[in-house]
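Submitted below is the structure of interest, expressed as structure tokens.
The values are calculated or read from the model by the stated rules, or taken from the named source; none is laboratory data. All values reported here derive from a predicted model rather than from experimental measurement. Ideal geometry is used to build each Cβ from the backbone, glycine not excepted, and the neighbour counts take in all protein chains shown. When the accessible area is computed, the model is the full protein with side chains, heavy atoms only, and any ligands, DNA or RNA have been set aside. Shrake-Rupley method; radii C 1.70, N 1.55, O 1.52, S 1.80 Å.
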Amino acid sequence: QVQLVESGGGLVQPGGSLRLSCAASGSIFDINVMGWYRRSPGKKRELVATINSDGSTNYAESVKGRFTISRDNAKNTVDLQMNGLTYEDTAVYYCNTELLLTGAGLYDDYWGQGTQVTVSS
């Protein structure tokens with residue numbers, strides 16, 4: 001079994017900052033990609049940022065220059081530092097990992113429960 005536990009969401013004013021964290025635990029043999037997605041009201045879930053095991057990153061155009069994703073391979077954690085938040089960043093943010101369970105033959109996707117980020121004055 002795998003658990004992804006997210007933390008760090010909340011209410012912030014426009015222009016403010018938040019840091020999201022996600023920790024993966026369980027019988028994990030290896031983690032390939034870790035990332036963050038979000039779903040705004042009335043919209044489909046969209047990619048925010050991903051980071052590979054080698055540290056290479058990918059960002060949605062809308063967050064480039066404002067958000068920074070990082071990971072700690074030893075702790076199986078991934079963080080998302082969000083600066084310059086705008087109303088359009090309001091969403092539920094989901095942690096995602098592609099990982100290999102101990103004894104498994106294939107990598108699989110796992111999702112966190114989501115954490116609410118609300119940008120409001």
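Scan segment 40-63 and tell me whether some residue there is closer than 20 Å to GLY10 by Cβ, in contact with a strand residue (DSSP E or B) (Cβ under 7 Å, 6 or more places away or on another chain), without any contact (Cβ under 8 Å) to a residue 40 or more places away in the chain and outside any strand (DSSP E or B).
Checking segment 40-63: at least one residue is closer than 20 Å to GLY10 by Cβ, in contact with a strand residue (DSSP E or B) (Cβ under 7 Å, 6 or more places away or on another chain), without any contact (Cβ under 8 Å) to a residue 40 or more places away in the chain and outside any strand (DSSP E or B).
Filter segment 67-114 down to the residues that are assigned to a loop (DSSP other than H, G, I, E, B), open to solvent by 50 Å² or more (accessible area, probe 1.4 Å) and either farther than 18 Å from ALA24 by Cα or charged (D, E, K, R) (or both) and list them by number.
Listed by number, the residues that qualify are LYS75, ASN83, GLY105.
From VAL48, VAL63, VAL117, grab the single residue that is out of contact with any Cys (no Cβ under 9 Å at 6 or more places or on another chain), within 16 Å of SER7 (Cα to Cα) and crowded, with 20+ Cβ neighbours inside 10 Å. Walk me through how you get there before you give the answer.
Values: VAL48 fails: within 16 Å of SER7 (Cα to Cα); VAL63 fails: within 16 Å of SER7 (Cα to Cα).
None of the other options fit; the residue is VAL117.
Name the pairs whose Cβ atoms lie under 9 Å apart, with the first residue in segment 107-121 and touching a residue at least 40 places away in the same chain (Cβ under 8 Å), the second open to solvent by 90 Å² or more (accessible area, probe 1.4 Å) and of a type in the set (D, E, K, R), and 6 or more positions between them or separate chains?
GLY114/ARG39; VAL119/GLU88
If you don't mind, there's one more thing I want to ask. Do any residues in segment 1-19 that are over 10 Å from CYS95 (Cβ atoms) have Cβ atoms under 9 Å from those of residues that are part of a strand (DSSP E or B) and among the charged types (D, E, K, R), where the two are at least six apart or on different chains, and which pairs are they?
Every condition considered, the pairs that remain are VAL2/ASP108; GLY8/ARG19; GLY8/ASP79; ARG19/ASP79.
Inspect segment 2-23 for any residue being under 13 Å from the mean Cα position of the chain (by Cα), part of a strand (DSSP E or B) and of a type in the set (S, T, N, Q) and give the result as yes or no.
yes
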